[in-house]
1. Output the DSSP H helices from the chain with an along-axis C-alpha extent of no less than 20 Å and a mean Kyte-Doolittle hydropathy no less than -1.0.
2. Spelling out what I want: for every residue of the stretch 75-84, take phi, set θ = phi - 60°, compute 6.51 cos²θ - 1.76 cosθ + 1.60 (Karplus), and round to whole Hz; glycine and proline get x.
3. In whole angstrom, note down how far apart the Cα centers of the stretch 17-94 and the stretch 129-153 are.
4. So between T34 and R136, what do we pick up on full extension, going 0.36 nm a residue minus the alpha carbon distance?
5. Report the gain in length on full extension from E64 to E52: 0.36 nm times residue separation, minus Cα-Cα distance, nm rounded to one decimal.
6. Expressed in nm to one decimal, what extension gain is obtained for the pair A92 and S153 from 0.36 nm per residue of sequence separation less their Cα-Cα distance?
7. Relative contact order for the stretch 34-177: what percent, with Cα pairs under 8 Å and sequence separation of 6 or more?
8. Can you compute the helix-only [θ] at 222 nm over the chain? Use -39500 (n - 2.57) per DSSP H run of at least 4 residues, normalise by all residues, nearest 500 deg cm²/dmol.
Amino acid sequence: MITLVPFATAHFDPLISWFRNEAEAVQWAGATVTFPLDHEQLQAMLDETLDEPPQRLAWMAACESRLVGHLQLAFDWRNGIGRLARVGIAPAQRGRGFAAAMLGEVVERAFAMPGIERLELNVFSFNTPALRAYERLGFVREGVRCSSARVGSERWDTVMMGLLKAEYRSEPGREIG
């Protein structure tokens with residue numbers, strides 16, 4: 001059973017420990033972060049949760065008091081869009097279904113918010129487990145930004161995915177607040 005707890009400064013060091021190199025950090029948070037991750041970068045992310053309305057929400061996922069994941073939901077309130085971002089699973093917890101559980105919970109929460117009609121995300125094209133998890137939730141590939149991120153000497157492609165509230169609701173057995 002996954003429990004989402006609001007991201008807090010006490011989570012900074014455990015989260016930082018999940019990323020051993022630049023490629024892992026960029027895969028988690030995109031090309032705007034610098035490696036090594038530090039408290040200053042994470043505090044800036046946390047500060048965005050304090051606005052009213054918030055620019056983003058951020059959580060740690062826990063299972064039986066172990067931190068197993070992290071994810072964020074950024075907002076474009078004017079256009080009714082939520083952006084799933086910075087989804088990560090603790091290295092020792094990967095492959096155990098935690099991503100699907102925490103993503104499902106956040107999708108439900110997002111679509112229960114007044115005015116949110118669309119969720120979207122970006123994921124690197126080589127991240128097959130993440131692509132599968134998003135597609136199982138109903139996200140659709142909408143395009144690819146080729147060579148969109150530079151990591152060391154490599155160039156990575158980004159897959160853009162989206163999910164409309166009406167499409168999510170229409171799946172059998174799903175009811176949203």
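1. Correct list, ordered by number: 98-112.
2. 10, 10, 5, 4, 9, x, 10, x, 10, 5
3. 17 Å
4. Contour length minus the Cα-Cα distance gives 33.6 nm.
5. Contour length minus Cα-Cα distance gives 1.1 nm.
6. That works out to 19.2 nm of additional length.
7. 16 percent
8. -8000 deg cm²/dmol
The numbers here are math on the coordinates, done by the rules we state, and not lab data. The shown structure was predicted, so the numbers you read here are calculated from the model rather than taken from an experiment. Virtual Cβ from ideal backbone geometry, glycine too; neighbours counted across all protein chains shown.
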